[in-house]
Amino acid sequence: MTPDRKIAELSALIERYNREYYVEDAPTVPDAEYDRLLRELEALEAAHPALRAPDSPTLRVGGAPLAAFEQVEHQVPMLSLSNLFSDMDAAEFAARHAELIAFDERVRRELEVPHVGYAVMPKFDGLAVSLVYENGVLVRAATRGDGATGENVTENIRTIRSLPLRLTGTPPARLEVRGEVLMLKKDFERLNAAQLAAGDKPFANPRNAAAGSLRQLDARVTATRRLSFFAYAIAEVTGAQWPATHQGEIDYLVSLGIPAVPPALRPVVDDAAGLAAYYEVVLAQRAALPYEIDGVVYKVNQRAQQDRLGFVARAPRFAAAHKFPAEEALTTIEAIDVQVGRTGALTPVARLAPVFVGGVTVTNATLHNEDEVQRKDVRVGDTVVVRRAGDVIPEVVSVVLARRPMRAEPGADLFSPVEVPLADAWRLPTQCPVCGSHVMREEGEAIARCSGGFACQAQRAQAIRHFAGRRMMDIDGLGERYVEKLVDYGYVHRVADLYRLTLADLVAMKRRADAEESGGDPQSDGAPPEDLFAAIDDKTPTRWAENLLAGIAASRRPPLARLLFALGIRHVGEATAKTLADYLGRLDYVRRAPAALLAALPDIGAVVASSLADFFAEPNNEVAIDALLDAGVAPADEHAPAAALLPLLAPERLLARLGVPRLTETRAAQLASQVGTLAALATLDRREVIALQLPAEVVNALADYLDVAANRAGLSALAALAGELASAAPAQTDSAAQPFAGLTFVLTGTLPTLTRDQAKTMIEAAGGKVAGSVSKKTDYLVAGEAAGSKLDKAQSLGVKVLDEDGLKALLPT
Ligand SMILES: NC(=O)c1ccc[n+]([C@@H]2O[C@H](COP(=O)([O-])OP(=O)(O)OC[C@H]3O[C@@H](n4cnc5c(N)ncnc54)[C@H](O)[C@@H]3O)[C@@H](O)[C@H]2O)c1
């Protein structure tokens, strides 16, 4: 390409990025990319001076002010700073102090002095504004605009709470302050969370959020955003002594009540080594600062010396911005993989063309979760902005849509092809990439998970450790380290393999681990390896292994509740496992129970129920559990379903838990009285459903539900299992289990620990009935905090009143 074409092309691109950044507050490429293009253009123009256009972007500052704002002419132009450098690769990084030394040398040479004092300050990543105070009152605020003309944003600036509208102390007749408006990181995060919650587009970074918030035509919008201001210079002062140094200027502004960074962050240093030290210190603090900075600024401290050095086209010669390594860079997406964490969480990860960002070469970046990928619309082949700030894991910030690879497809007619993206929108796989189990996602949860539990390789070590834990299968001697080695060396693929381990396996495992650890890692620092098998008695080298095998064997007959807890089912803790074991009695029933039945049990909500049903429905888990049973593991205490289960199997209770929208408990009771049994409902055709005496929306929801064949089949299976459980449970005459048979309860007020629903379930499980209002037939009123008229009525009728403890005392333990 000829230089003139290249110059035109670069200029057009830079102008576009200028517009996006300064006018629209929505840049699409990182600063490093912009700086790179600008440097390329500068180099070309330097090589071909005749080709430099009078309006070249290399000669201009900022962007044109928005016509919608009143224009303000700056009496003292607002300039750029010449950069010591911007985006860096590793080699430049090593050489960074050379540039700084050159800057100091030039300044000393031109001033003809041996030492120069520099006032140094962070380079805030916000937007520059000019504030004018007359007789101590803020009269005008303007953005930088193109340096000569800015936008009048006085109303908007007035909403910044930290900024004085009236100066303190003895204000000068007129004062023009220069400083930066920015948004603190925490305010930015809050704003973006609110944007997302409201369905609005989040801001790319705090700078854009600050610029977009300040440049609002309606200052009331600005007022809702939290902005901050830090002063960095005086442009003019009349009616008072103008301080002789830059540092003096800032101190003076602070004395008038104008915010600036604390003195420790803006010292004066007196040579290149001081500049370098300041740079390093601030770079190290960067992530911890409450606002974003993109470098540091060095300014000759003496104003007289500043004046002697003067200006070049768009920047002062007495100051320089020393940029930090870019935290954002452009690269391309080579693939999108899914990682399965040790707890089964699925995380999409972008594989990137290697890129130097935040001081390191990055090849992977997290995409967080499926919603994020879809919101950002990240696709394979895309050019993306990658961010790595501090020690935070690198992430994909946004896609440069203008660079998305496209292909032409025939359009409406032969002559108008349409451009379509080469890659499709990305979707999370429906099966775990590690074990093939189905992927589940809880309602309202962003994180998808593999339902494979201990059947999944990725979760195996964690699952086996949980399984062997003290409150689970309690396998003595099977600690974390053994589990890791057994899994790593392939002795244990799944939990059932534990029960097939032999003495020879364990001894071989130990020998290999010992050899690996004493062999010494060439990379290691020479420290002795961690003593992995300290408990081994040398004289009886296989004693530990015999003990471990005995521990494994002893765990073959666990109580059902422990076995259920040991399976590591998401949301299933000790208490839930006990409820399942108490009510259902047998592992087989638990495995077959649909979510609606599980949700009918006390203390088991919809989320836990569906997590359980999901776990047992996964074929990989079925195989793994069968393998356990084959290996001789069997619950020791299986029994018939509890009598207390019977009232919980009432059709209206199960129907209300099917997940049919709008089918509340009351409606479910009406439905049950019309159809009689669950099995009967499963056989109704659409016409019969529509004929039911129920509100239209319930009928429609039910008809839609029954239209799905799997739902119908599920309903039949639920009916069958409920029937089987009912006939297996002992008859209800067992008065010990049914102490409330024939009694009517009413609940009122807030109980200290139980929810209304839990209390109701407990009463019903004990054979009692729960009514809505107090009457002469009421046997007990269970009253909690803030009990009202029901309590009065109960007392006037002489009904017995219980609190939560009183209720629990009457229940069987
Ligand atoms: N990503 C994009 O598309 C895009 C487009 C245009 C510009 N940019 C970025 O904007 C910048 C362009 O330069 P510029 O002229 O706006 O800024 P600059 O780098 O030349 O520096 C001047 C600005 O620095 C700020 N500043 C912060 N702290 C300061 C301090 N302590 N003392 C003095 N000034 C301080 C002021 O706002 C001032 O206007 C570059 O970083 C460039 O990468 C990016």
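Would you check if G714 is assigned by TED's automatic domain parsing to the domain that holds L681, within 39 Å of the chain's Cα centre (by Cα), closer than 25 Å to Y589 by Cα and surrounded by 14 or more Cβ atoms within 10 Å (Cβ to Cβ)? Considered against the rule, which asks whether it is assigned by TED's automatic domain parsing to the domain that holds L681, within 39 Å of the chain's Cα centre (by Cα), closer than 25 Å to Y589 by Cα and surrounded by 14 or more Cβ atoms within 10 Å (Cβ to Cβ), G714 comes out as yes. From the set of residues in region 27-45 that are surrounded by fewer than 17 Cβ atoms within 10 Å (Cβ to Cβ) and touching a Lys or Arg at 6+ places or on another chain (Cβ under 9 Å), which is nearest to G147 (Cα to Cα)? Here the residue is D35. Restricting attention to region 310-335, which residues are surrounded by fewer than 20 Cβ atoms within 10 Å (Cβ to Cβ), away from the ligand (no atom under 16 Å from the Cβ) and aliphatic (A, V, I, L, M)? The one that is surrounded by fewer than 20 Cβ atoms within 10 Å (Cβ to Cβ), away from the ligand (no atom under 16 Å from the Cβ) and aliphatic (A, V, I, L, M): A335. Annotation: of all residues in region 128-147 being surrounded by fewer than 21 Cβ atoms within 10 Å (Cβ to Cβ) and within 14 Å of the ligand (Cβ to nearest atom), the one that is farthest from P262 (Cα to Cα) is D146. One residue stands out among those in region 216-251 that are among the aromatic types (F, W, Y) and within 16 Å of the ligand (Cβ to nearest atom): the one that is nearest to F318 (Cα to Cα), which is Y232. Whenever a residue of region 169-186 is under 16 Å from I250 (Cβ atoms) and in a helix (DSSP H, G or I), it has no partner that is at pLDDT below 95 and within 12 Å of the ligand (Cβ to nearest atom) lying with C-beta atoms less than 8 angstrom away and at least six residues away or across chains. In region 67-85, the residue that is nearest to A276 (Cα to Cα) out of those that are within 16 Å of the ligand (Cβ to nearest atom) and hydrophobic (A, V, I, L, M, F, W, C) is L84.
The residue list A726, A679, A741, A720 contains one member that is part of a loop (DSSP other than H, G, I, E, B) and more than 41 Å from the chain's Cα centre (by Cα), which is A741.
Restricting attention to region 318-338, the residues that are touching a residue at least 60 places away in the same chain (Cβ under 8 Å) and either among the charged types (D, E, K, R) or in a strand (DSSP E or B) (or both) total 13. Of note, L747 satisfies the criterion of being out of contact with any Asp or Glu (no Cβ under 6 Å at 6 or more places or on another chain), closer than 22 Å to A600 by Cα, modelled with pLDDT of 90 or more and hydrophobic (A, V, I, L, M, F, W, C).
Can you confirm whether region 768-791 contains a residue that is under 19 Å from G585 (Cβ atoms) and either outside any strand (DSSP E or B) or of a type in the set (D, E) (or both)?
no
When we screen L597, L564, L584, L560 for residues that are modelled with pLDDT of 95 or more, more than 19 Å from L501 (Cβ to Cβ), under 33 Å from the mean Cα position of the chain (by Cα) and of a type in the set (A, V, I, L, M, F, W, C), the only hit is L564.
Within region 386-399, is there a residue that is among the hydroxyl-bearing types (S, T, Y) and part of a strand (DSSP E or B)?
Yes - at least one qualifying residue is present in region 386-399.
Of these, P49, P27, which one is of a type outside the set (V, I, T) and within 13 Å of the ligand (Cβ to nearest atom)?
P27
Against the numbered list (1) farther than 30 Å from G212 by Cα; (2) modelled with pLDDT of 95 or more; (3) surrounded by 14 or more Cβ atoms within 10 Å (Cβ to Cβ), E112 comes up short only at (3).
Any chance region 15-23 includes a residue that's touching a strand residue (DSSP E or B) at 6+ places or on another chain (Cβ under 9 Å), within 13 Å of the ligand (Cβ to nearest atom), part of a loop (DSSP other than H, G, I, E, B) and touching a residue at least 12 places away in the same chain (Cβ under 8 Å)? Within region 15-23, not a single residue is touching a strand residue (DSSP E or B) at 6+ places or on another chain (Cβ under 9 Å), within 13 Å of the ligand (Cβ to nearest atom), part of a loop (DSSP other than H, G, I, E, B) and touching a residue at least 12 places away in the same chain (Cβ under 8 Å).
Only one entry of A12, A91, A67 meets the criterion of being in a loop (DSSP other than H, G, I, E, B) and either at pLDDT 90 or above or surrounded by fewer than 15 Cβ atoms within 10 Å (Cβ to Cβ) (or both), and that entry is A67. Applying the condition of being modelled with pLDDT of 95 or more and not in a helix (DSSP H, G or I) to region 207-234 and asking which residue is farthest from the chain's Cα centre (by Cα) yields I234.
The values are calculated or read from the model by the stated rules, or taken from the named source; none is laboratory data. Predicted model, so just to flag it, every value in this text is computed and none were measured. Ideal geometry is used to build each Cβ from the backbone, glycine not excepted, and the neighbour counts take in all protein chains shown.
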